[in-house]
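Participant: Attaching a single structure in structure tokens format; questions to follow.
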Amino acid sequence: MQKPSGAPPIHYSGHQLHRVVEPSDHVAAPQRFRQRHIEALAGGAGQSVQVGLPRHIHTETELSQGRILVHTPRPGFYFGAYDLEYLQDNRLSVKETPSLFCGLMLSGAPSRLDISGHGSVEVRPGTPLIINFAEDAVCEGFCKAGTHCCGIGIRLTRDFFDSEFSPTAATALRSLRSFMEGGTAVRMIGGSTRLNAIADQTLSGPCEQTLQALYLEGLAFAFLAELSRLEAAETQAASTELKPHEYRRVRRVADFLDANLERSISLASLSRLAGVNATTLGRQFQTIHGETIFNYVRARRLERARSLLRNGEMPVSQVGYSVGFTSAAAFATAYRRKFGHPPSREVLSS
């Protein structure tokens, strides 16, 4: 990527973000944003926005600098990300129509969001937030000069949920749709390493116009899928006797296992990570996931192995070892039991 002239790049997770794009068509836009740019970007996400400025600031004053991405994968589905440094104090007032907003602030100071008819909500970095606007509402937030903030989010309208989906996709979206059919509500849910990775990829993706549109298309649905999984799991946990901190504990262990499938991890080390004894951890894990920790790890290893085999990323003889099996025979036996055929047939069918 060529570094543009003008303001220095904003940094996020080790990446340098150099490009600013307009909504929908992904054409390069000013690197610094004025009031009219913010209003246009909000319009691209199906919203209307007003910017409240101190009296001495002109509407053409540059308010922020950095990168903003907005994409519409399908009607009623708006996907966006931002990495900004605020140059002026300003208060944003966004008019929301009935919709479901799901967002994740990645970095920045905790802030408050005022929702008309509902009250104040604290937005915290690293904590996914779901807001159901059952009716028209106004959201107000304050942006302080000199602060930096980045995040990612989606906005879903009823048109999106009413469109055609495959039976499996409709099932996956059932929990989010059910949440939208209730009254105005705010829900904080636990995050995941996958959700953070999707956000990182969104903000560090290609800047070439046509590639970027295709790249954002995939990431938008990946973000929606992971968010649906997290929200459904949260709903499931709420129906059990587990407390929120117990649910988050199990999720932290599951995320750790997902990120370290190739390692042999003892139950004792997982207990230390969770801060609870092995018996309690095992019981709570099975309550949420419906299977033991051992079976969970084996299933994830085999799913990862199938992906590697289908992609032809490495020889069959190495795949089992790469996902944590200690012998080729044990891998082949476990693979046949789960999928009904040996690993070699996966390669041939691909």
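Participant: Looking only at segment 196-219, count every residue that is modelled with pLDDT of 85 or more and under 29 Å from Ser120 (Cβ atoms) and tell me the total.
Facilitator: Number of matching residues: 3.
Participant: A follow-up question, please. Which of the residues that make up segment 89-120 are buried (at least 17 other Cβ atoms within 10 Å of the Cβ) and more than 15 Å from the chain's Cα centre (by Cα)?
Facilitator: Asn90, Leu92, Val94, Glu96, Ser99, Gly108, Ser111, Leu113, Ile115, His118, listed by residue number.
Participant: Another one. Quick one: which helices (runs of 4 or more DSSP H) sit completely within segment 219-299 and have at least 3 residues that are under 15 Å from Thr193 (Cβ atoms) and open to solvent by less than 80 Å² (accessible area, probe 1.4 Å)?
Facilitator: Ranges flagged: 244-259.
Participant: Just to be sure, is Arg304 surrounded by 13 or more Cβ atoms within 10 Å (Cβ to Cβ), under 17 Å from Asp255 (Cβ atoms) and out of contact with any helix residue (DSSP H, G or I) (no Cβ under 6 Å at 6 or more places or on another chain)?
Facilitator: Yes.
Participant: On the basis of being hydroxyl-bearing (Ser, Thr, Tyr) and either within 18 Å of Arg229 (Cα to Cα) or touching a strand residue (DSSP E or B) at 6+ places or on another chain (Cβ under 9 Å) (or both), does Thr287 make the cut?
Facilitator: So Thr287 passes the test.
Participant: Still on this model: Are any residues in segment 146-192 surrounded by 15 or more Cβ atoms within 10 Å (Cβ to Cβ) and in a helix (DSSP H, G or I), and if so, which ones?
Facilitator: Arg158, Phe160, Phe161, Ala172, Ser175, Leu176, Arg177, Phe179, Met180
Participant: Out of the residues in segment 129-144 meeting the condition of being at pLDDT 90 or above and in a loop (DSSP other than H, G, I, E, B), tell me which one is nearest to Tyr86 (Cα to Cα).
Facilitator: Asp136
Participant: Another one. Just checking, how many residues over segment 307-350 are under 20 Å from Asp255 (Cβ atoms) and either in contact with a Lys or Arg (Cβ under 7 Å, 6 or more places away or on another chain) or open to solvent by 70 Å² or more (accessible area, probe 1.4 Å) (or both)?
Facilitator: The total comes to 2.
The values are calculated or read from the model by the stated rules, or taken from the named source; none is laboratory data. Predicted model only: the values in this text are computed from it and were never measured. Glycine gets a Cβ as well: all are built from the backbone with ideal geometry, and neighbour counts include every protein chain shown. Note: areas computed on protein heavy atoms with side chains; ligands, DNA, RNA excluded. Shrake-Rupley method; radii C 1.70, N 1.55, O 1.52, S 1.80 Å.
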